[in-house]
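Written out below as structure tokens is the structure these notes cover.
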Amino acid sequence: MAVERLTSDDYPHPPMRRLRVYAFDPQASIELDSAVINDAVIALPWESAWEDPLEIGPVNDYVEVIDYDPACGVFYAPVDLNHPVLLAQDGLPPSEGRPQFHQQMVFAVVMRTIRTFERALGRPVLWAGAPDFRGPDRNFTKRLRIYPHALREANAYYSPAKRALLFGYFKAQAAPASADAVTAGDDGHWVFTCLSQDIVAHETTHAILHGVYRRSVNASNVDSLAFHEAFADIVALLQHFSLTQVVEHQISRSRGSLRVGNLLTGLASQFGHATGRQGALRYALETIAAEGAASSGIAMLADTHEPHARGGILVAAIFDAFVTIYERRTADLFRIAGAQLAGGGVLSPDLVARLADEAAKAADHVLRMCVRALDYLPPVDTRFGEYLRAIITADNDLVADDPMRYRVAMVEAFRKRGIAVPGSISMAPDSLLWEDPDPRDWPAAPEALTELFGDLLSTLILDAQFGRRFPGGARPNPAYVPQTGSRRNLRELAMQITDYNQARFHDWLNTASDARDRPEWEALLGIKLLPDPADRAINTWEADDPEVKANRRTAGMPRVEVHSARVARRTGPDGQDVQQLVVQLLQKRRGYFSDADQALATAGDRAALGDRWARPDFWFRGGATIHIDLRDGRLRRVIRKRIDNDRRLAEERAFLTGNAMGRAVRGADAGTAAAAASVAAEPFAFVHRNME
């Protein structure tokens, strides 16, 4: 009698895929105090019916691990996380010497970081594409590539040019012969940056931030790369508190305090030791401790310009706010346990568990505040003070009531460090909110803007449904169309829809309209949309451009880029609902280091500039982030960096010619141009080579 055989599809899939990782890095496994907590497990949602199955590599909808070691000229065999032997034991056990575990760890940490962002942003994470936003396979990169053994050097970085994470490995610095840990003649051990959970989360955040905020990789002011570094550190740091066993262990040792240095408050401990430091690469509390010890008081932002050091002040501000929130949340627990603590006894396991739970909740809340703020930044030239406004506004939109005063704690931490908020009359949270559009700036009736965007919204796709026909017979971008027949993939559908919406918004913006062809419309968006003979430095449609005829545009009309047109749906802790269309508009303007050349460009004197008209020293960018409420079509907010702001142009010129990321840049000679191009192509490779 034949026996029916069931396949894996006939059985219910588990809800989670559990993968073993180092909680910190291999260094913590050889120290007795931390070895008991360093073996951790990351639980990731099992692939759903609308996702591609996980393949060897690992490869899934989001990432592709490619384990090629160029220093050795070898491909390491890829791990199969679906193998029954690995499924039965939560993947491979931690191992420094097995490349397949390295692949497993980078995959697990990258995916956990992605899921953290998706919960906060209310939409799928999409990787940045090529700089040109139009054309097939340019708007997005399908998968981020991950190379666990890409470099034999003490470095790891996200490459915007390759759309990849590159992790290095190196020999640690040998300790002195008298040191207990190393005998004479020992030349150090191998350190793999892909085995540091902090470094992997940090680099993944760079890639996600680039996808959300395309021009964040351009250094236009002293805060630019410092913000990228600080934000990546914040994500890596606050993710520590999602590891319950680790948090309980460290809180028990510190007797409930988070204002002491430990594994929770440091980043990349093994890397720090291996490069000659006596502890973690960066401690969140390092700056805070230095502030307390300094005779001059708290260190101010104006005192430092190096990206990591300057970013450290922003990290200290966020962490200080988090610790303050944790202390407020746990004050009653400490009061209840007061008698026990007064006697100097050990915290009870029940109290430790409650404190760890509160720390995890506070960290998760602060992390989501920080991530949601990305949609509330201007699309270029971000400053730390503007990031604070973004945090406060985003949190206020979703959680109007703030009984625990989270926003006050955040503002106080920034204010203490002299992080200025331009354009604000005070540091009260309600004064820091980005302002709503003023109807008085629009000469028509106040509802005119709602009607204007209402017409646009009717042409867009605002929800993801399989089998949808695109309006007007439009065809989706072929780069994102599934190639295997009936396969359904929600992330690829999201790419198609976002690509379609961006193209529709771009066409709408460049279509003649009585309502939009007016100076007030330009003033509202902070960009140029009408021909302006007085300022020819704006990048315009040229007469010989083939798209001029295709789009029925007149030569000399300003070009506008639409870098984002994404739907965000977020739910607050009490069921609050925010549904927004978030649009980023960008425009560029010719910038020159010479005052004379800049004046010629502004006057539109192409003959005098010659070849330099087509090759300016830099592109100065402006634009706006627009929020449209999907519930009623109302324009909620326009966050601008005006393209015609000559003061900001002068400041960017001064930054680029005076002290570009720590290097003196004088004039517009070939060496300067080559150095600027190199840094622009791989900004994080340059910055991270200085992290030791």
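The values are calculated or read from the model by the stated rules, or taken from the named source; none is laboratory data. This is a predicted model, so every value here is computed, not measured. Ideal geometry is used to build each Cβ from the backbone, glycine not excepted, and the neighbour counts take in all protein chains shown. Remember, those area values only see protein heavy atoms, side chains included, never the ligands or the DNA or RNA. Shrake-Rupley method; radii C 1.70, N 1.55, O 1.52, S 1.80 Å.
In segment 47-56, the condition of being within 21 Å of G168 (Cβ to Cβ) and buried (at least 17 other Cβ atoms within 10 Å of the Cβ) is met by no residue. Contact map, segment 432-443: residues that are at pLDDT below 85 paired with residues that are open to solvent by less than 40 Å² (accessible area, probe 1.4 Å) and of a type in the set (F, W, Y), Cβ distance under 9 Å, separation 6+ or inter-chain. Pairs shown: W442/W521. Inside segment 291-334, residues that are of a type in the set (G, A, S), under 18 Å from E412 (Cβ atoms), open to solvent by less than 30 Å² (accessible area, probe 1.4 Å) and at pLDDT 70 or above make up a count of 3. The residues of segment 43-59 that are touching a residue at least 60 places away in the same chain (Cβ under 8 Å) and under 18 Å from D80 (Cβ atoms), listed by number, are L44, E51, D52, V59. Listed by first and then second residue, the pairs linking a residue in segment 352-376 that is within 18 Å of R255 (Cα to Cα) to a residue that is aliphatic (A, V, I, L, M) and surrounded by fewer than 22 Cβ atoms within 10 Å (Cβ to Cβ), with Cβ atoms under 6 Å apart and 6 or more places separating them unless they lie on different chains, are R354/L333.
The set of residues from segment 99-124 being charged (D, E, K, R), at pLDDT 95 or above and either part of a loop (DSSP other than H, G, I, E, B) or closer than 26 Å to I30 by Cβ (or both) comprises just one member, R112. Pairing each residue of segment 80-101 that is more than 17 Å from D39 (Cα to Cα) and open to solvent by 70 Å² or more (accessible area, probe 1.4 Å) with any residue that is among the hydroxyl-bearing types (S, T, Y) and part of a loop (DSSP other than H, G, I, E, B), provided the two are 6+ apart or on different chains, yields no C-beta distance under 6 Å.
The single condition among (1) at pLDDT below 95; (2) within 27 Å of L586 (Cβ to Cβ) that G73 does not meet is (2).
Residues in segment 600-623 include none that are modelled with pLDDT of 90 or more, within 22 Å of I527 (Cβ to Cβ) and of a type in the set (A, V, I, L, M). Against the test of being touching a residue at least 12 places away in the same chain (Cβ under 8 Å), farther than 30 Å from D402 by Cβ and of a type in the set (A, V, I, L, M, F, W, C), the options A601, A614, A596, A608 yield a single qualifying residue, A601. Among the conditions (1) at pLDDT 85 or above; (2) open to solvent by 20 Å² or more (accessible area, probe 1.4 Å); (3) assigned to a loop (DSSP other than H, G, I, E, B), the only one that I461 does not satisfy is (2). Residues that are over 19 Å from L225 (Cβ atoms) and charged (D, E, K, R) within segment 152-170 comprise R152, E153, listed in sequence order.
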